[in-house]
Amino acid sequence: MQSIIAFIVVFGSIVFFHELGHFIFAKRSGILVREFAIGFGPKILGINKGETLYTIRLLPMGGYVRMAGDDADVVELQPGYRIGMLLNDQNEVTKIVLNQNKQLPDMLFLEVEKADLQKELWVEGYDEDEKLVRYNIARNAVIEENGSELIIAPYDRQFNSKSVGKRAMTIFAGPLFNFILSIIVFIAIALMQGVPTYEPVIAGVVKDSPAANAGLEKGDVVTAINGKSIDSWQQLSDAIQNNPENQLTLDLKRNSGNESIKVTPTKKTIEGQTIGQIGVQYQSPVEKNPLKAIAFGFSETYHWIIKIFTILGSLITGGFSIDALSGPVGIYKATEEVAKYGFVNIMNWAAVLSINLGIMNLLPLPALDGGRLLFFGFEAVRGKPVDRQKEGMVHFVGIVLLMILMIAVTWNDIQRFFF
């Protein structure tokens, strides 16, 4: 149960932040957001607040922000259709009822001749006296059909009416918020545990090792190797590994003063690679400093972005197998394992997963945020949008291919963990 809760909290938080980015920038651009959903499939919980329906859905494998202007969002009043209408004090239509059997007090009926529900906002038709009349429609009018209501979306509040820059920023905001989440989490970890200094401080010495025989002690700070100054453990580690059976002179700072010790790394072969070892242990000292914690949040996020792009590069060049990819099952099993090592490790895992989601969504593939951004780029260069039907077909094909990949990855996960 603990693993399930950890998975839901971690994955749900990452998806929530991603969709929150889309949502906030859509609102700032004046786009009407119809639904903010966490998960896919049947609705478990739904709350209407203002213009937006906030839902939690059955399958916790993603989410979406449904903005006005989507194909399924368009409502048309066809000629000859009989509708009911409610008017406000300005004689504007505030509600259109498509269910011909429903009657409300003060409802007027109209046989539609023509209508504009997007730009000029009016409906024209014949009333019960068979007189041709026209009514203006309020910008916040709703359309009711079979008990469900839909707020009309004037064209200036639809996604496609906005400039290329606003549309691109609304789409880019999802991955951006994933990176922001990772920065926040890494800052929180640094504030809780301190910021690693990576100083070349020896935390322990293995008995009967070259380091012990040379006189190295716990707490020694290595300041130079063969006369060359160092300030990080990585520099010390590299020098030792790159010099098997070559004597090194280490300048030290210890409580009794400064000393110089000579040590010769022994030669070890690990996975076909020959390296030097002297038998010292490392545990990075930490410093609790709010400013350094903020810097750590940015630097650690940058580090993981570079690392993930490197892995993606090896996937493209053939050095990384598709079998190494994980879907929801693999992520759940990894979360289950990480949860054994405490809350901080869960936080670190969540930050790395958030970066992964952000980068994956920025890939220029159909149906992903990166694919949509690519089409916006074409539009900016051409000066006009790509045909909506052609773009929709490309995204549809992309969704199908991504679903096939997801099924393959999930099947690999199931075989790896359960068979």
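General remarks:
- Inter-residue pairs, beta-carbon under 8 Å, first open to solvent by 30 Å² or more (accessible area, probe 1.4 Å) and in region 167-185, second outside any helix (DSSP H, G or I), 6+ apart: M169/S29
- For region 60-85, the set of residues classified as open to solvent by 20 Å² or more (accessible area, probe 1.4 Å) and over 43 Å from the mean Cα position of the chain (by Cα) consists of P79, G80, Y81, R82, listed by residue number.
Condition check ((1) open to solvent by 20 Å² or more (accessible area, probe 1.4 Å); (2) modelled with pLDDT of 90 or more; (3) out of contact with any Asp or Glu (no Cβ under 8 Å at 6 or more places or on another chain); (4) polar (S, T, N, Q)) across all residues:
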| residue | (1), (2), (3), (4) |
| --- | --- |
| E199 | yes, no, no, no |
| A214 | yes, yes, yes, no |
| V221 | yes, yes, no, no |
| Q235 | yes, yes, yes, yes |
| E245 | yes, yes, yes, no |
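- All positions within region 297-313 that are over 14 Å from G194 (Cα atoms), in contact (Cβ under 8 Å) with a residue 12 or more places away in the chain and open to solvent by less than 80 Å² (accessible area, probe 1.4 Å): T301, W304, I305, I308, L312
- Some residue of region 145-161 being in a helix (DSSP H, G or I), among the β-branched types (V, I, T) and either modelled with pLDDT of 95 or more or surrounded by 19 or more Cβ atoms within 10 Å (Cβ to Cβ) (or both): no
- Of the residues making up region 66-95, those that are in contact (Cβ under 8 Å) with a residue 60 or more places away in the chain and either of a type outside the set (G, A, S) or out of contact with any Phe, Trp or Tyr (no Cβ under 6 Å at 6 or more places or on another chain) (or both) are M67, A68, D70, D71, D73, V75.
- Leading residue by the ranking (farthest from I311 (Cα to Cα)) among those in region 360-387 that are free of Cβ contacts under 8 Å to residues at least 24 places away in the same chain and either touching a strand residue (DSSP E or B) at 6+ places or on another chain (Cβ under 6 Å) or among the basic types (K, R) (or both): K384
- Residue check, I202 in contact (Cβ under 8 Å) with a residue 60 or more places away in the chain, not in a helix (DSSP H, G or I) and not hydroxyl-bearing (S, T, Y): yes
- Filtered residue count, region 14-64, keeping only those that are at pLDDT 90 or above and among the small types (G, A, S): 6
- Of the criteria (1) more than 18 Å from L353 (Cβ to Cβ); (2) out of contact with any Lys or Arg (no Cβ under 9 Å at 6 or more places or on another chain), which one F40 fails: (2)
- D106 being open to solvent by 50 Å² or more (accessible area, probe 1.4 Å) and either at pLDDT below 90 or part of a loop (DSSP other than H, G, I, E, B) (or both): yes
- Per the listing I270, I316, I225, the residue uniquely among the aliphatic types (A, V, I, L, M) and either modelled with pLDDT of 85 or more or within 28 Å of V195 (Cβ to Cβ) (or both) is I225.
- Flag if Y302 is modelled with pLDDT of 90 or more and either within 20 Å of the chain's Cα centre (by Cα) or among the small types (G, A, S) (or both): yes
- Output for region 231-271, where each listed residue is under 47 Å from the mean Cα position of the chain (by Cα) and among the acidic types (D, E): D231, D238, D251, E271
- Counting residues in region 353-363 that are outside any helix (DSSP H, G or I) and either at pLDDT 90 or above or under 19 Å from G63 (Cα atoms) (or both) gives one or more.
- Taken as a whole, region 61-82 holds at least one residue that is farther than 21 Å from A367 by Cα and assigned to a strand (DSSP E or B).
- In the set (1) touching an Asp or Glu at 6+ places or on another chain (Cβ under 9 Å); (2) exposed (fewer than 15 other Cβ atoms within 10 Å of the Cβ); (3) not aromatic (F, W, Y), the condition left unmet by I5 is number (1).
- Pair list, Cβ < 7 Å and 6+ apart or interchain, from region 400-419 residues that are within 17 Å of F40 (Cβ to Cβ) and surrounded by 12 or more Cβ atoms within 10 Å (Cβ to Cβ) to residues that are at pLDDT 70 or above and among the aliphatic types (A, V, I, L, M): L402/A367
- Taking each residue of region 248-266 that is closer than 16 Å to S229 by Cβ and part of a strand (DSSP E or B) and looking for partners that are among the small types (G, A, S) and open to solvent by 60 Å² or more (accessible area, probe 1.4 Å) with beta-carbon atoms closer than 9 Å, six or more apart or interchain, yields T249/G227; T249/S260; L250/S260; D251/G227; D251/S229; D251/S260; L252/S260.
- Test: residue in region 278-296 that is free of Cβ contacts under 8 Å to residues at least 40 places away in the same chain, open to solvent by 40 Å² or more (accessible area, probe 1.4 Å) and among the basic types (K, R): no
The values are calculated or read from the model by the stated rules, or taken from the named source; none is laboratory data. What you see is a predicted model, and the numbers here were worked out from it, not measured in a lab. Backbone-built Cβ (ideal geometry, glycine too); neighbour counts: all protein chains shown. Quick note on the areas: whole protein, heavy atoms, side chains included, nothing else; ligands and nucleic acids left out. Shrake-Rupley method; radii C 1.70, N 1.55, O 1.52, S 1.80 Å.
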